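Undergrad: The structure follows.
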Amino acid sequence: MRKLESMRKYIHDLIVYKNIALNDEYFILELTHPEPLPDIFPAQFAEVSVPDKHGVFLRRPISIHDVDYDSNIVKLLIQIVGDGTKKLSQISTGSTLNLVYPLGNSFSMPSKPNLLLVGGGCGMAPLLYTARYFTSFGFSIKVLIGARTKENILLRDEYRKHAELLTCTEDGTHGTKGYVTDHPVLSEPEGIDVIYACGPTPMMKAIAKYAEKNNIECEVSLENVMACGIGACLCCVQKTIHGNKTVCNDGPVFNIKEIVW
Amino acid sequence: MVDLSINFNGLMLRNPVLTASGTFGYGEEFADFIDLNLLGGFIVKGTTLLPREGNNYPRMAETPMGMLNAVGLQNKGVEYFCSVIYPRIKHFNTNILVNLSGSQISDYVQGAEILNELEAIPAIELNISCPNVKEGGMAFGTSCASAAHVVKEVRSVYRKHLMVKLSPNVTDIAEIAKSVEAEGADSVSLINTLLGMAVDVNTRKPKLSTITGGLSGPAVKPVAVRMVWQVYKAVKIPVCGLGGIMNASDAIEFILAGASCIQVGTANFIDPAVTMKIIDGISEYCYKNNVNKISELTGALAMN
């Protein structure tokens, strides 16, 4: 598999084009800029400066959910988990949001045709752009999303535009009941060439174990706590067979063969 | 035209703005955002004689107006710096300082000997104040005798500008400053991070793998300004001030309290281009206040 080129990073004041609440927990920010957006690759992220910063000191690392180059819009799908994301959810249309982006590496260009993307919870966010991006290169893509309940299986029609959508919920209200690892698609490993996953660590560990057992190429996108986002402070490190590596700059995507869980 | 240049005890700075070790990588990480050549200088990641993996994750916790870190001097060692990183950064037309740390005196001495040979490194910042390593680090910087000892040994092999970075985790920082001055330090920088701790009340676990870590950011600024003022009054060598500087006004505050130059640290995470704004802001302040030379402002407190 070939790593995609990492490009120049920018600090931009983006304009909030839309702020769409999906439910009590998730919202989407659609952001635009007077200049053309930079090249962005799947699983890259932005360090977002939270306006009205009271109580929020650092930027918030948020993965890129989608990019629409025709209308020059970049989308962030955000889960409200604390004060920072709460404040971001309240931002009004037309205001500006300062981003340092695009950051980190990306999922590799797969070397085989059948791609399974697995997302748990907010880990589904980067998979829409990942599906859009790799579909444009002719890959056959399935997206498997796991959530607690039906309400958090978001934007189903969007994902279906670029991939076959498979779902599972812990309470069985949508798709298969249980975790993503319980989904029947995994019972036919011969149909899967490559897996890219993003989500809670136990989910990624389980997927990594499955991929390893079935000899499937697998990369995961990690979400460690970060400060700088550009590889300078070494706060967000992941243990790998090559020592501690920064999730923000060496990652967020790592081949599972590299990771020491 | 305001003259921002500083003769920092022989180290010529085009302006008083440097970047703090551990917050600025090796400079290259910021090259997309700023022209590094416009800085007074930058101080690279804490470097030790031998490679260090640093502490376990989690290494960082956000706190009110600041953050705790427990990176623990992760770096690939002096030799790697010299052979791999130095050739990549030596062309920058600014002062590149290496922050040198160690767990025993011989580490510091050997490291300093090697760094002394690097033409494009005009100074080292001797780190006797890292709170995140089990051995050495801050242990050297918290007593006058041990601080003096390590500076004396390094001074005997290092021929260029020797800056010593002081710990705020002491009873009397001015005494430590005097003891390193007496052993030949060319300057002091202060403050390193304040030892702190944060707990997740839901899990009841400390937020850092090491339990305690170093606090930085605006939360520490008043402590840092106070210490700069105390040290400025106690020693003749110049002081480089740091601790929570977010903007030009903060920088001027340190300068008025006695700093000849300053370092920008944690603010680089909030705005990777903040150093340029601080340089411009210092110029603007001087212009508005009829200050022709920034060096005139050092210690220029108007006392009540």
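The values are calculated or read from the model by the stated rules, or taken from the named source; none is laboratory data. All values reported here derive from a predicted model rather than from experimental measurement. Neighbour counts run over all protein chains shown; Cβ positions are idealised from the backbone, glycine included. For the accessible areas, the whole protein counts, side chains as well, though only heavy atoms, and no ligand, DNA or RNA atoms are used. Shrake-Rupley method; radii C 1.70, N 1.55, O 1.52, S 1.80 Å.
Undergrad: Stokes-Einstein at 37 °C, 0.692 mPa s, Kirkwood radius from Cα pairs: D for region B:204-266 in µm² s⁻¹?
TA: Working: Rh = 12.5 Å.
Translational diffusion coefficient: 263 µm²/s.
Undergrad: Could you please state how large a percent of the accessible area of chain A is carbon and sulfur, counting protein chains only and using a 1.4 Å probe? It would help to have the intermediate numbers written out before the result.
TA: Numbers: 5140 of 10630 Å².
Result for chain A: 48 percent of the exposed heavy-atom area is carbon or sulfur.
Undergrad: Same structure again: Of the listed pairs A:LYS75/A:LYS112; A:LYS86/A:LYS177; A:LYS239/B:LYS76; A:LYS9/B:LYS288; A:LYS142/A:LYS257; A:LYS112/A:LYS205, which have alpha-carbon separations greater than 26 Å here?
TA: Result: A:LYS75/A:LYS112; A:LYS86/A:LYS177; A:LYS9/B:LYS288 exceed 26 Å.
Undergrad: Further question: Can you tell me the 0 to 90 degree angle between the C-alpha axis of helix A:125-135 and the longest principal axis of chain A, rounded to 10?
TA: Its long axis makes an angle of about 70 degrees.
Undergrad: Looking only at region B:1-144, where both bridge partners belong to it, what percent of the DSSP beta bridges are antiparallel (to the nearest 5)?
TA: The answer is about 40 percent antiparallel.
Undergrad: In square angstrom, what is the accessible area per residue of region B:224-281 with a 1.4 angstrom probe? Walk me through the numbers before you get to the answer.
TA: Numbers: 1600 Å² over 58 residues.
Result: 28 Å² of accessible area for each residue.
Undergrad: Accessible area drop of at least 40 Å² (1.4 Å probe, protein heavy atoms): which residues of region A:224-243 qualify, relative to the chain alone?
TA: Residues meeting the cut-off: A:VAL225, A:ILE230, A:ALA232, A:CYS233, A:LEU234, A:CYS235, A:VAL237.
Undergrad: Straight-line reach from B:LYS221: which aspartates and glutamates have a Cα under 12 Å away, not including same-chain ones fewer than 8 places off?
TA: Counting by Cα, and skipping residues close in sequence, B:LYS221 has these aspartates and glutamates nearby: B:ASP250, B:GLU253.
Undergrad: Ballpark to the nearest 100 Å², how much total accessible area do A and B bury together, probe 1.4 Å?
TA: Details: alone 11870 and 13170 Å², together 22580 Å².
Accessible area lost upon association: around 2500 Å².
Undergrad: Pairwise over distinct Cα atoms, reciprocal of the mean inverse distance: report the Kirkwood radius of the protein assembly as shown in Å, one decimal place. Each step should come with its number before you reach the end.
TA: Details: mean 1/r = 0.0402 Å⁻¹.
Roughly 24.9 Å, rounded to one decimal.
Undergrad: A further question follows. Averaged over every viewing direction, what's the projected area of the C-alpha convex hull for region A:154-261? Give it in nm², one decimal, please. Before the final figure, lay out each step's value.
TA: Values: hull surface 31.8 nm².
Mean projected area for region A:154-261: 8.0 nm², to one decimal.
Undergrad: Of the DSSP beta bridges with both residues in chain B, give the percent that are antiparallel, rounding to the nearest 5.
TA: Details: 17 of 47 bridges.
Antiparallel bridges: around 35 percent, rounded to the nearest 5.
Undergrad: Using +1 at the C-beta of Lys and Arg and -1 at the C-beta of Asp and Glu, which of A:VAL74, A:GLY175, A:PHE57 has the Cα lying farthest in the positive direction of the dipole of chain A?
TA: Positive-most Cα among the choices belongs to A:PHE57.
Undergrad: Let me ask another. When the Kirkwood radius is taken over all Cα pairs of chain B, what Stokes-Einstein diffusion coefficient follows at 10 °C and 1.306 mPa s, in µm²/s? Can you show the working numbers first?
TA: Working: Rh = 19.0 Å.
D, rounded to a whole number, is 84 µm²/s.
Undergrad: At q = 0.15, 0.20, 0.24 Å⁻¹, what is the log10 ratio I(q)/I(0) for region B:1-113, with the Debye formula run over Cα points and no solvent?
TA: Normalising to I(0) and taking log10 leaves -0.77, -1.17, -1.33.
Undergrad: Could you state the angle between the C-alpha long axis of helix A:201-213 and the longest principal axis of the C-alpha atoms of chain A, as a value from 0 to 90 degrees rounded to the nearest 10?
TA: Compared with the principal axis, the helix lies near 40 degrees.
Undergrad: Separate question: Would you work out if region A:70-187 is rounded, prolate or oblate? Take a ≥ b ≥ c from the square roots of the eigenvalues of the alpha-carbon gyration tensor; rounded if a/c is under 1.5, else prolate when a/b is larger than b/c, oblate otherwise. It would help to have the intermediate numbers written out before the result.
TA: Details: a/c = 2.16, a/b = 1.25, b/c = 1.73.
Verdict is oblate for region A:70-187.
Undergrad: Follow-up. Per residue, how much accessible area does chain A show when a 1.4 Å probe rolls over the protein heavy atoms, in square angstrom? Intermediate results must be reported in sequence, preceding the final value.
TA: Numbers: 10630 Å² over 261 residues.
I get 41 Å² per residue for this part.
Undergrad: Just to be sure I understand the interface: list residues from region B:269-304 that lose 20 Å² or more of accessible area between the chain on its own and the complete protein assembly, 1.4 Å probe.
TA: B:PHE269, B:ILE270, B:PRO272
Undergrad: Hey, another quick one. Would you mind putting B:244-251, B:188-195, A:128-135, B:111-118 in packing order, based on average other-beta-carbon counts within 10 Å, highest first? Don't jump to the answer; show the numbers that get you there.
TA: Numbers: B:244-251: 21.6, B:188-195: 26.0, A:128-135: 23.2, B:111-118: 18.6.
Highest-to-lowest ranking by the protection proxy: B:188-195, A:128-135, B:244-251, B:111-118.
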